[in-house]
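J.: Below: one structure in structure tokens.
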Amino acid sequence: MLCKLTFAAFAMSWAYPRSWSPFAIRRRGLVAILGLLPAVIGPLPAAASEQVAWAALRDGAVVLFRHARAPGSGDPPGFRIDDCATQRNLDSEGRAQARRMGDRLRAEQVRVGLVLASEWCRALETAELAFPGQVRREPAFNSFFEDRTTETWLTQRAKELLAAWRGPGALVVVTHQVNIGALTGLRPSDGEGIVVRVRGDEVEVVGRIQP
């Protein structure tokens with residue numbers, strides 16, 4: 001196992017341009033090695049997986065956050081996207097959870113390059129509380145829970161946006177459980193983040209981070 005990791009470190013250090021600083025090479029090499037660990041030694045414990053996820057975010061990966069706690073399920077009858085009063089919204093715990101999401105990224109020294117959010121009020125409020133003044137609405141991450149006919153188009157459009165991300169910094173997306181499930185096969189809890197890297201049509205899950 002040690003031989004495999006040593007070879008991985010050597011290979012990754014030579015995979016980057018010589019013009020990069022030694023610090024950048026060492027940092028990216030470390031992120032690459034951490035990403036190889038599950039293949040070498042099997043699934044990582046949750047705490048180790050979370051550390052891999054934070055390292056990837058500091059290196060410019062993508063995190064897909066499910067919006068913070070909003071009691072209930074789906075959307076109420078009479079839902080209108082332009083009227084928060086008709087929607088399922090964050091409660092006081094959800095708002096506190098959203099603030100913790102942003103605080104945690106700052107504490108982990110993650111540079112946030114862009115924040116994209118679903119147009120649903122619970123996603124927008126989560127994003128604004130976590131990352132004030134940085135949020136951009138993005139319909140590709142709107143919920144398709146009530147209208148499954150839009151799932152294929154929204155998921156493909158979301159993949160295209162994620163694959164196009166080049167930084168600088170990490171890309172933060174605040175969306176819904178069904179959207180994240182379609183992209184990753186996982187069902188995050190309220191406020192949970194799934195860290196991914198996207199290459200073309202392939203979404204690679206790096207790890208999970210808790211609110």
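The values are calculated or read from the model by the stated rules, or taken from the named source; none is laboratory data. What you are looking at is a predicted structure, and each value in this text was computed from that prediction instead of being measured. Note that each Cβ is placed from the backbone with ideal geometry, even for glycine, and that neighbours are counted across all protein chains shown. Ligands, DNA and RNA are stripped out before the accessible areas are found, and what is left, the full protein with its side chains, is counted by its heavy atoms. Shrake-Rupley method; radii C 1.70, N 1.55, O 1.52, S 1.80 Å.
J.: For region 48-86, name all the residues that are buried (at least 17 other Cβ atoms within 10 Å of the Cβ) and without any contact (Cβ under 8 Å) to a residue 40 or more places away in the chain.
T.: Within region 48-86, Ala55, Asp59 meet the criteria.
J.: Let me ask something else. Do we have Arg136 as surrounded by fewer than 19 Cβ atoms within 10 Å (Cβ to Cβ), among the basic types (Lys, Arg) and in contact (Cβ under 8 Å) with a residue 12 or more places away in the chain here?
T.: It is true that Arg136 is surrounded by fewer than 19 Cβ atoms within 10 Å (Cβ to Cβ), among the basic types (Lys, Arg) and in contact (Cβ under 8 Å) with a residue 12 or more places away in the chain.
J.: Go through Gly72, Gly94, Gly78 for me and flag whichever is over 15 Å from the mean Cα position of the chain (by Cα), over 18 Å from Pro188 (Cβ atoms) and not in a strand (DSSP E or B).
T.: The unique qualifying residue is Gly78.
J.: Would you mind stating whether Val63 is in a strand (DSSP E or B) and at pLDDT 60 or above?
T.: It is true that Val63 is in a strand (DSSP E or B) and at pLDDT 60 or above.
J.: Does any residue in region 109-129 that is closer than 19 Å to Ala61 by Cα and in a loop (DSSP other than H, G, I, E, B) come within less than 6 Å, Cβ to Cβ, of a residue that is open to solvent by 10 Å² or more (accessible area, probe 1.4 Å) and of a type in the set (D, E, K, R) six or more places away or on a different chain, and which pairs are these?
T.: Qualifying pairs under 6 Å: Val110/Arg58.
J.: Here's something else I'd like to know. So Arg187 clears everything in (1) modelled with pLDDT of 95 or more; (2) outside any helix (DSSP H, G or I); (3) open to solvent by less than 50 Å² (accessible area, probe 1.4 Å); (4) not hydroxyl-bearing (Ser, Thr, Tyr) except one condition, right? Which one?
T.: (3) is the only condition that Arg187 fails.
J.: If you take the residues in region 143-165 that are of a type outside the set (Gly, Ala, Ser) and touching a residue at least 60 places away in the same chain (Cβ under 8 Å), which one is surrounded by the fewest Cβ atoms within 10 Å (Cβ to Cβ)?
T.: Of everything passing the filter in region 143-165, Glu146 is surrounded by the fewest Cβ atoms within 10 Å (Cβ to Cβ).
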